[in-house]
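A short worksheet on the structure shown next.
The values are calculated or read from the model by the stated rules, or taken from the named source; none is laboratory data. None of these values were measured; they are calculated from a predicted model. In this analysis, Cβ positions are derived from the backbone assuming ideal geometry, glycine residues included, and neighbour counts consider all displayed protein chains. What goes into the accessible areas is simple: the full protein's heavy atoms, side chains included, and nothing from ligands, DNA or RNA. Shrake-Rupley method; radii C 1.70, N 1.55, O 1.52, S 1.80 Å.
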Amino acid sequence: MRLPRLALLVLALLSTLAGSAGGRAYWRVTRLEPVPILMYHVIAEPIAGAPYPTLYVPRAEFAAEMAWLAQHGYRAVTLQQVFDHWRGAGPLPAHPIVVSFDDGYRSQYTNTLPVLRSHRWPGVLNLELRNTKPVWGTRPGEVRALLSAGWELDSHTLTHPDLTTLDAARLREEVTGSRTALRRRFHVPANFFCYPSGRFDDAVVEAVKAAGYLGATTTQFGLARPQALYTLARVRVDGGDGPRGLAAKLASLGLR
């Protein structure tokens with residue numbers, strides 16, 4: 001049976017998209033498809049007496065996790081790319097994944113950047129502005145180096161407070177003020193927000209929307225879905241997970 005001309009044109013377009021981007025598998029998958037967002041903190045060996053040692057992922061372990069992802073067909077993208085795709089404005093690889101880093105530790109420059117660069121992958125830095133000053137934080141020049149490598153820079157407030165405990169003025173300062181500071185200092189849109197310690201309520205979400213953010217990430221376990229732009233779930237990766245632990249967490253969400 002001969003296919004109608006329109007059907008043939010559609011098939012040709014799909015074939016072109018699938019074979020584009022230098023042979024990589026790119027196409028417009030279902031716009032509302034959920035995407036995993038990994039959540040990391042410090043990429044280094046845990047320091048003695050660290051109150052939250054699982055937040056430390058050694059560089060070798062992180063490198064092994066990224067290698068596992070690459071071997072299994074994942075490709076890192078930014079949160080902006082995911083948002084644009086959900087809105088029908090751009091393609092994604094067949095198995096997109098966002099690799100996000102909270103707070104702004106210096107190890108995200110010294111240890112993380114070389115690993116992601118070896119895969120030609122971007123990261124997403126959720127920066128607490130206060131962390132650009134201490135010696136253990138990411139220095140402004142290092143943040144700019146991450147941006148030059150294709151990273152996305154998003155807001156994690158000025159001082160990492162529990163936003164649910166703040167009055168309206170202070171909440172606005174932390175949420176809106178941090179975006180203004182990022183834009184002024186680093187000349188980026190800072191279109192996304194990350195709730196400190198995953199703490200938010202209705203008032204906090206409304207403040208994030210009022211500040212003009214396109215979405216916000218949480219510490220809730222799961223896949224990020226376009227139906228919940230201001231409560232995007234993530235997959236926390238702990239020290240000791242390694243490729244096997246990361247694989248198990250993704251498998252529990254129905255991913256291979």
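Within segment 209-251, the set of residues being over 25 Å from Pro189 (Cβ atoms), part of a helix (DSSP H, G or I) and open to solvent by 50 Å² or more (accessible area, probe 1.4 Å) comprises Arg244, Ala248, Ala251.
For Ala50, are the conditions met, namely being touching a residue at least 40 places away in the same chain (Cβ under 8 Å), in a loop (DSSP other than H, G, I, E, B) and hydrophobic (A, V, I, L, M, F, W, C)?
Details: touching a residue at least 40 places away in the same chain (Cβ under 8 Å): no; in a loop (DSSP other than H, G, I, E, B): yes; hydrophobic (A, V, I, L, M, F, W, C): yes.
Criteria not met by Ala50.
Just one of the listed residues (Ala233, Ala228, Ala181) is in contact (Cβ under 8 Å) with a residue 12 or more places away in the chain and within 30 Å of Gly254 (Cα to Cα), namely Ala233. Among the criteria (1) surrounded by fewer than 18 Cβ atoms within 10 Å (Cβ to Cβ); (2) modelled with pLDDT of 95 or more, the one Arg256 does not fulfil is (2). Taken together, the residues in segment 161-184 that are open to solvent by 20 Å² or more (accessible area, probe 1.4 Å), polar (S, T, N, Q) and out of contact with any Lys or Arg (no Cβ under 7 Å at 6 or more places or on another chain) amount to 3.
Might you check whether a residue that is in contact with a strand residue (DSSP E or B) (Cβ under 6 Å, 6 or more places away or on another chain), surrounded by 16 or more Cβ atoms within 10 Å (Cβ to Cβ), in contact (Cβ under 8 Å) with a residue 12 or more places away in the chain and not hydroxyl-bearing (Ser, Thr, Tyr) occurs anywhere in segment 131-140? Write out each step before concluding.
Of the residues in segment 131-140, the ones in contact with a strand residue (DSSP E or B) (Cβ under 6 Å, 6 or more places away or on another chain) are 131.
Next cut, surrounded by 16 or more Cβ atoms within 10 Å (Cβ to Cβ) only: 131.
In the following step, the residues that additionally are in contact (Cβ under 8 Å) with a residue 12 or more places away in the chain were identified as 131.
Going one step further and asking which of them are not hydroxyl-bearing (Ser, Thr, Tyr), we end up with 131.
Yes; the residues of segment 131-140 include at least one that is in contact with a strand residue (DSSP E or B) (Cβ under 6 Å, 6 or more places away or on another chain), surrounded by 16 or more Cβ atoms within 10 Å (Cβ to Cβ), in contact (Cβ under 8 Å) with a residue 12 or more places away in the chain and not hydroxyl-bearing (Ser, Thr, Tyr).
Mind checking whether some residue in segment 185-195 is open to solvent by 20 Å² or more (accessible area, probe 1.4 Å), more than 20 Å from Pro122 (Cβ to Cβ) and part of a helix (DSSP H, G or I)? Full working, then the answer.
Taking segment 185-195 as the starting set, the residues that turn out to be open to solvent by 20 Å² or more (accessible area, probe 1.4 Å) are 185, 187-189, 191.
The next check asks that each one be more than 20 Å from Pro122 (Cβ to Cβ); those that pass are none.
No; the residues of segment 185-195 include none that is open to solvent by 20 Å² or more (accessible area, probe 1.4 Å), more than 20 Å from Pro122 (Cβ to Cβ) and part of a helix (DSSP H, G or I).
The set of residues in segment 38-47 being in contact (Cβ under 8 Å) with a residue 40 or more places away in the chain and either part of a strand (DSSP E or B) or more than 17 Å from His156 (Cα to Cα) (or both) consists of Leu38, Met39, Tyr40, Val42, Ile43, Ala44, Pro46. For segment 125-149, which residues satisfy the criterion of being among the charged types (D, E, K, R), within 16 Å of His41 (Cβ to Cβ) and at pLDDT below 95? Selection gives Arg130 alone. Working carefully through the options Tyr109, Tyr105, Tyr74, find the one that is open to solvent by 40 Å² or more (accessible area, probe 1.4 Å) and free of Cβ contacts under 8 Å to residues at least 40 places away in the same chain. Residue meeting the stated conditions: Tyr109. Might you check whether a residue that is farther than 16 Å from Phe186 by Cβ, crowded, with 16+ Cβ neighbours inside 10 Å, more than 15 Å from the chain's Cα centre (by Cα) and modelled with pLDDT of 95 or more occurs anywhere in segment 150-160? For segment 150-160, residues farther than 16 Å from Phe186 by Cβ, crowded, with 16+ Cβ neighbours inside 10 Å, more than 15 Å from the chain's Cα centre (by Cα) and modelled with pLDDT of 95 or more: present.
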